[in-house]
Amino acid sequence: MEEITDGVNAMNLGGDSHKKNRIQVSNTKKPLFFYVNLAKRYMQQHNEVELSALGMAIATVVTIAEILKNNGLAVEKKIMTSTVDIKDDSRGRPIQKAKVKYLRYCDPEEFDNLP
């Protein structure tokens with residue numbers, strides 16, 4: 001868990017356009033439980049976490065959200081869906097991808113009772 005904390009603290013999120021409690025999930029870059037543990041850490045730090053994904057990674061976000069919910073660590077606050085245009089250089093035209101955002105909330109007292 002300490003290496004995740006170090007990774008969170010070392011992250012450079014860039015400009016003001018990035019929220020400090022947002023996790024942009026990929027289904028190819030990191031294992032599922034990396035994101036689950038990262039979401040737990042963000043909820044401890046910010047009391048809520050926003051999980052965001054595009055395309056095929058949406059299923060990973062849903063799985064993460066369900067793991068957090070089934071373990072009693074979070075409840076859904078808001079779910080937003082949309083489509084975004086992604087430039088596809090091979091086709092020479094933009095393509096649309098599905099986008100989802102889950103906003104999860106956790107009562108800080110719940111973390112005091114974790115084993």
remark   = residue 5 fails exactly one of (1) in a loop (DSSP other than H, G, I, E, B); (2) modelled with pLDDT under 85; (3) surrounded by 13 or more Cβ atoms within 10 Å (Cβ to Cβ), namely (1)
Checking residue 37 against (1) touching a helix residue (DSSP H, G or I) at 6+ places or on another chain (Cβ under 7 Å); (2) not in a helix (DSSP H, G or I), the condition it does not meet = (2)
message = So, residue 105, is that one open to solvent by less than 50 Å² (accessible area, probe 1.4 Å) and either at pLDDT 90 or above or of a type outside the set (Val, Ile, Thr) (or both) or not?
response = no
Conditions (1) of a type outside the set (Gly, Ala, Ser); (2) touching a residue at least 24 places away in the same chain (Cβ under 8 Å); (3) closer than 29 Å to residue 96 by Cβ; (4) open to solvent by 70 Å² or more (accessible area, probe 1.4 Å); number of the one not met by residue 45 = (3)
request  = Check residue 50 against each of (1) open to solvent by 50 Å² or more (accessible area, probe 1.4 Å); (2) in a strand (DSSP E or B); (3) of a type in the set (D, E, K, R); (4) at pLDDT 90 or above and name the one condition it does not meet.
outcome  = (1)
ask   = Taking the stretch 70-87, which residues are in contact (Cβ under 8 Å) with a residue 24 or more places away in the chain and either among the acidic types (Asp, Glu) or open to solvent by 70 Å² or more (accessible area, probe 1.4 Å) (or both)?
value = 75, 76, 77, 78, 79
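The values are calculated or read from the model by the stated rules, or taken from the named source; none is laboratory data. In this text, all values refer to a predicted model and were calculated from it rather than measured experimentally. When we count neighbours, we look across all protein chains shown, and the Cβ atoms used for this are built from the backbone with ideal geometry, even at glycine. Calculation scope for accessible area: heavy atoms of the full protein, side chains included, ligands and nucleic acids excluded. Shrake-Rupley method; radii C 1.70, N 1.55, O 1.52, S 1.80 Å.
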